[in-house]
Amino acid sequence: MRWIPGGTFLMGSDRHYPEEAPVHKVSVGGFWIDACAVTNDDFARFVAATGYVTSAERPADPRDYPGAKPELLAPSSVMFKKPAQRVDLGNHYNWWIYVRGADWRHPRGPASSIKTLGAHPVVHVAYEDVEAYAAWAGKEIPTEAEWEFAARGGLDGADYCWGDDLMPDGSFMANTWQGEFPWQNKIEDGYEWTAPVGSFPANGYGLHEMAGNVWEWTADWYQTHDRIDSPCCTLDNPRGGVREESIAADQAQVKIPRKVMKGGSYLCAPNYCRRYRPAARMAQPIDTSTCHLGFRCIRRVA
């Protein structure tokens with residue numbers, strides 16, 4: 001873990017996606033944070049010690065999803081499927097599918113394994129799974145403000161975790177998508193899927209892959225920044241939103257609460273999702289695990 005000294009910073013961005021605005025002042029106290037995302041090896045130790053079974057490995061309770069198709073209640077997780085040609089970017093079903101048998105042990109589908117992926121970030125973990133791991137490890141999940149402050153690495157207001165240039169001196173600083181998403185991936189950074197943690201340079205706080213590789217869960221319920229009453233006032237490590245903030249789940253049009261995920265992933269591309277930045281944020285249903293979403297933990301100082 002790395003020590004983050006705490007302080008006041010400008011959270012959000014007025015230059016990119018609307019959900020990141022407005023920029024507002026936030027202060028956080030000091031805390032420790034994992035230098036890298038939790039890996040498959042880390043998660044395997046947790047499972048071995050506790051016998052924990054993740055959400056993606058369990059069938060869904062039909063009472064929670066009235067009217068859902070039976071096949072969608074089977075143990076499954078969301079996988080990226082690259083189309084063969086250009087598709088309508090307005091319809092995410094053109095590349096996202098539920099895959100039966102996809103889970104943290106089988107991150108690229110039921111025929112895959114983590115045998116050679118021990119140092120890669122664990123994926124296919126729903127929010128209850130990351131909470132269980134954090135509790136076992138004696139840690140917590142960061143708030144959105146803590147996560148963003150750490151991701152900025154001391155560079156307040158910069159676009160990226162390392163500065164304002166996406167590729168300083170022509171160097172890849174994160175595992176992202178090169179080419180035209182979702183059908184053409186040139187893999188110029190060397191990774192089509194996840195990369196081992198620590199593959200890319202650390203930011204100013206010694207943290208790796210705070211942009212790209214995998215999105216990361218935060219503890220905050222999702223709400224838009226435009227609900228902030230006074231952007232000029234300094235907020236003290238705000239806990240965003242309330243549980244009732246929700247959207248319709250794909251499975252059965254039922255309401256599922258959402259948390260904030262941060263950082264972007266290997267599927268973020270300039271033509272579709274420029275979210276490999278500290279200010280970037282998206283809402284993620286708490287029951288949904290995917291092939292590009294993981295987490296890291298913090299330990300607060302009492």
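The values are calculated or read from the model by the stated rules, or taken from the named source; none is laboratory data. As the structure is a prediction and not an experimental result, all values here were calculated from the model. Note: ideal-geometry Cβ built from the backbone for every residue, glycine included; neighbour counts use all protein chains shown. Just the protein is used for accessible areas: all its heavy atoms, side chains included, with ligands, DNA and RNA removed. Shrake-Rupley method; radii C 1.70, N 1.55, O 1.52, S 1.80 Å.
The set of residues from segment 45-62 being without any contact (Cβ under 8 Å) to a residue 60 or more places away in the chain and within 21 Å of Ala119 (Cβ to Cβ) comprises Arg45, Val47, Ala48. The condition (being touching a strand residue (DSSP E or B) at 6+ places or on another chain (Cβ under 8 Å), modelled with pLDDT under 95 and not in a loop (DSSP other than H, G, I, E, B)) is satisfied by just one residue among Pro257, Pro231, Pro238: Pro257. Considering segment 24-35, and only residues there that are assigned to a strand (DSSP E or B) and open to solvent by 40 Å² or more (accessible area, probe 1.4 Å), the residue that is nearest to Leu293 (Cα to Cα) turns out to be Trp32. Please determine whether any residue of segment 36-48 is open to solvent by less than 40 Å² (accessible area, probe 1.4 Å), in a loop (DSSP other than H, G, I, E, B) and modelled with pLDDT under 95. Within segment 36-48, not a single residue is open to solvent by less than 40 Å² (accessible area, probe 1.4 Å), in a loop (DSSP other than H, G, I, E, B) and modelled with pLDDT under 95. One residue is enough: does segment 1-23 have a residue meeting the conditions at pLDDT 95 or above, within 21 Å of Glu131 (Cβ to Cβ) and either open to solvent by 30 Å² or more (accessible area, probe 1.4 Å) or among the basic types (Lys, Arg) (or both)? Yes, segment 1-23 has at least one match. Looking at Arg296, Arg300, Arg275, can you tell me which residue is crowded, with 20+ Cβ neighbours inside 10 Å and either closer than 21 Å to Pro22 by Cβ or over 11 Å from the mean Cα position of the chain (by Cα) (or both)? Sole residue among the options that is crowded, with 20+ Cβ neighbours inside 10 Å and either closer than 21 Å to Pro22 by Cβ or over 11 Å from the mean Cα position of the chain (by Cα) (or both): Arg275.
Residues considered: Gly153, Gly206. Of these, the only one that is in contact with a Phe, Trp or Tyr (Cβ under 6 Å, 6 or more places away or on another chain) and farther than 30 Å from Gln85 by Cα is Gly153. Contact map, segment 197-221: residues that are more than 15 Å from Pro142 (Cβ to Cβ) and touching a residue at least 60 places away in the same chain (Cβ under 8 Å) paired with residues that are surrounded by fewer than 20 Cβ atoms within 10 Å (Cβ to Cβ) and small (Gly, Ala, Ser), Cβ distance under 7 Å, separation 6+ or inter-chain. Pairs shown: Val197/Ala119; Gly206/Ala35; His208/Ala35; His208/Gly198; His208/Ala202.
Pairs meeting the criteria (first residue in segment 283-301 and among the charged types (D, E, K, R), second residue open to solvent by 20 Å² or more (accessible area, probe 1.4 Å) and not in a loop (DSSP other than H, G, I, E, B), beta carbons under 6 Å, at least 6 apart or on different chains) are Arg299/Trp32.
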